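The structure under discussion appears below in the form of C-alpha cells.
The values are calculated or read from the model by the stated rules, or taken from the named source; none is laboratory data. Since the structure is predicted, the reported quantities are computational estimates derived from the model, not experimental observations. All Cβ positions, even for glycine, are placed from backbone atoms using ideal geometry, and neighbour counts span all protein chains on display. Remember, those area values only see protein heavy atoms, side chains included, never the ligands or the DNA or RNA. Shrake-Rupley method; radii C 1.70, N 1.55, O 1.52, S 1.80 Å.
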Amino acid sequence: MSSGVVGQEPETVRKAFEQEFERFTHFRGEGATKSVEHLNLAEAETALRELADLRTRHTGKKSALAGLKKLIGRVAVEERAAFGQQIQQLETEIIEASEAAKRTLEEHVAKLRIERERIDVTLPGRRTRRGHAHPVTLIRQRIEDIFVSLGYTVEDGPEIETDFYNFDALNIPPTHPARSPQDTFYTTEGFALRSQTSTVQIHAMQRRTPPLRIIAPGKVFRRDTPDATHNPMFFQLEGLLVDRGITMGHLKGTVTEFLRQLYGPQTRTRFRPSYFPFTEPSAEFDFSCFKCNGAGCRLCKGSGWIELGGSGMVHPNVLRAVGIDPNEFSGFAFGFGIDRMCMLNFGLDDIRLLFENDVRFLEQFN
Ligand code: DAH
C-alpha cells in the first residue's frame with residue numbers, strides 16, 4: 001500500500017467527522033456554557049441524541065475509522081507505527097470532541113430539568129374545598145336526632161306506591177275528594193309516586209306489631225306548579241305512635257317536646273281543629289314564632305304563630321286496614337314539611353332555591 005494512501009485516508013475521515021461535528025463545535029471549550037443557553041429542554045435532549053448517533057457513526061464497528069484500523073496490519077512495516085499512531089490520535093480527537101460537547105449539553109439538560117421540577121415551598125398550598133350536607137339534610141338530621149332521643153326509630157318506605165298504601169289503607173277511598181289535592185305522578189298502571197309519607201304508617205304497622213314509635217322522613221311528589229312555596233317534589237316527616245291508652249295529650253306533649261328541643265324551652269304550641277281522612281280527631285299544629293317569641297314579626301306574618309303541619313289520632317279504619325284491633329290499641333300521627341322548616345330556620349323566601357343546586361346559594365347554610 002502506498003504511503004500516499006496512508007497519509008490521506010485518516011485526513012478524509014477527520015474531515016468527514018469535522019464537517020458533521022461542525023454544529024457541536026462551539027459546545028466545547030471556552031464559552032461552551034453560553035453556547036447552549038438558547039436551547040430548551042426538548043432541543044437539548046434532541047441534540048444529545050444526535051451527538052451520540054454521530055459518535056457511533058464515526059467510531060462504531062461500521063465506521064470509516066474502524067475500516068482504517070483494519071488497514072494497520074496491511075501497511076508497510078516501516079510506516080505501520082506512524083499510521084497506527086495517526087489513527088489512534090484521530091480516534092482520541094473524535095472521542096474527546098464529542099465527550100466535551102456531550103458534557104456541556106448534559107449539564108444544560110440537568111439544569112433545565114431542575115428548573116422545571118423546582119417547587120416553591122413558600123407558595124401557599126391549594127386547599128381542597130370541603131363540601132357540606134344540603135340544608136334540607138341538615139334539618140332532617142337534627143329532627144331525627146331529637147326523635148331518636150325520644151325513643152323513635154327512623155323508618156323508610158318506597159317512593160313508588162300503590163293506591164292501597166297512598167290512599168285506600170289511609171281511609172281515602174277512590175271517590176274521596178281528599179285524593180284530588182294530592183294528585184301525583186302516575187307511572188305504570190296501579191303505581192304512582194307517593195304524595196305523602198303517611199304511606200310509611202301502613203308499611204310500619206305491617207312490618208311490626210304495636211307498641212311502635214316511628215318517624216319517616218322522605219320525598220313526596222305532587223302535581224303542583226312550582227312557585228315560591230310549592231315544588232312538585234318536597235320532603236315530609238311522618239310520625240306514628242301506636243300503643244295502649246294513647247290520647248291526644250300524648251300527641252301534644254310529644255310534639256311540644258320536639259319543638260322545644262328544636263327552637264328552645266320557651267316554645268308554646270297549640271292545636272287548631274282540622275280534618276284528615278286518616279285521623280280522628282284531627283288538628284293542625286302551630287308553635288310560637290321562634291324569632292319574636294309570639295309578639296308578631298315578618299317571619300310569622302304578624303300572628304306570633306307558625307304552622308307546623310297536620311296531626312291527629314289514628315283513625316280506627318287505618319288500624320283495621322293493617323289488622324290492628326282499634327279496641328285494644330290507639331295511636332297518634334303527625335306530618336310536617338321538612339323543607340318548610342328548613343326555609344323558616346334559614347330565612348329562605350323561595351322553596352325552589354333548595355332544589356336548583358346552585359352551590360353559591362347552598363354553601364351559605366351549614
Ligand atoms: N299526610 C298529610 C299531608 O300530606 C299530612 C298529615 C296530616 C300527616 C295529619 C299525618 C297526620 O300523619 O296525622 O297533607
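Among the residues of segment 165-197, what is the count of those that are open to solvent by 80 Å² or more (accessible area, probe 1.4 Å), outside any loop (DSSP other than H, G, I, E, B) and more than 14 Å from the ligand (Cβ to nearest atom)? The total comes to 2.
Considering the conditions (1) touching a residue at least 40 places away in the same chain (Cβ under 8 Å); (2) away from the ligand (no atom under 12 Å from the Cβ), PRO277 is excluded by exactly one of them, (2).
Within the option set TYR165, TYR186, being of a type in the set (Ser, Thr, Tyr) and out of contact with any Ser or Thr (no Cβ under 9 Å at 6 or more places or on another chain) holds for one residue only, TYR186. When we screen THR137, THR162 for residues that are in contact with a Gly (Cβ under 7 Å, 6 or more places away or on another chain), more than 16 Å from the ligand (Cβ to nearest atom), without any contact (Cβ under 8 Å) to a residue 60 or more places away in the chain and under 30 Å from VAL255 (Cβ atoms), the only hit is THR162.
The requirement of being open to solvent by less than 70 Å² (accessible area, probe 1.4 Å), away from the ligand (no atom under 14 Å from the Cβ) and either part of a helix (DSSP H, G or I) or touching a residue at least 60 places away in the same chain (Cβ under 8 Å) (or both) is satisfied by THR256. I'd like the residue in segment 230-245 that is away from the ligand (no atom under 13 Å from the Cβ) and surrounded by 14 or more Cβ atoms within 10 Å (Cβ to Cβ) and, out of all such residues, is nearest to ARG207 (Cα to Cα). If we take residues in segment 230-245 being away from the ligand (no atom under 13 Å from the Cβ) and surrounded by 14 or more Cβ atoms within 10 Å (Cβ to Cβ), then ASP243 is nearest to ARG207 (Cα to Cα).
When restricted to residues that are closer than 27 Å to ALA204 by Cβ, open to solvent by 70 Å² or more (accessible area, probe 1.4 Å) and hydrophobic (A, V, I, L, M, F, W, C), segment 105-153 contains 1. Just one of the listed residues (THR12, THR33, THR59) is open to solvent by less than 70 Å² (accessible area, probe 1.4 Å) and among the hydroxyl-bearing types (Ser, Thr, Tyr), namely THR59.
Only residues that are over 21 Å from SER149 (Cβ atoms), under 26 Å from the mean Cα position of the chain (by Cα) and either surrounded by fewer than 22 Cβ atoms within 10 Å (Cβ to Cβ) or of a type in the set (Gly, Ala, Ser) (or both) were counted across segment 198-220, and they come to 1.
Of all residue pairs spaced 6 or more apart or on separate chains, those with beta-carbon atoms under 7 Å, a first member in segment 178-197 that is β-branched (Val, Ile, Thr) and a second member that is open to solvent by 70 Å² or more (accessible area, probe 1.4 Å) are THR184/ARG223; THR187/ILE160. Of the residues that make up segment 21-40, is at least one of a type outside the set (A, V, I, L, M) and at positive phi? Yes, segment 21-40 has at least one match.
Among residues of segment 321-335 that are under 11 Å from GLN201 (Cβ atoms), those with a Cβ under 6 angstrom from a residue that is small (Gly, Ala, Ser) and more than 7 Å from the ligand (Cβ to nearest atom), sequence gap 6+ or separate chain, pair up as ALA321/ALA169.
Filtering GLY245, GLY239, GLY218 for residues that are more than 24 Å from PHE287 (Cβ to Cβ) and either at pLDDT 95 or above or part of a helix (DSSP H, G or I) (or both) leaves a single hit, GLY245.
Of all the numbered requirements in (1) in contact with a Leu (Cβ under 7 Å, 6 or more places away or on another chain); (2) at pLDDT 90 or above, GLN206 misses one, and that requirement is (1). Any residue that is charged (D, E, K, R) and at pLDDT below 95 - is there at least one of those in segment 163-172? Yes, there is a match, as at least one residue in segment 163-172 is charged (D, E, K, R) and at pLDDT below 95.
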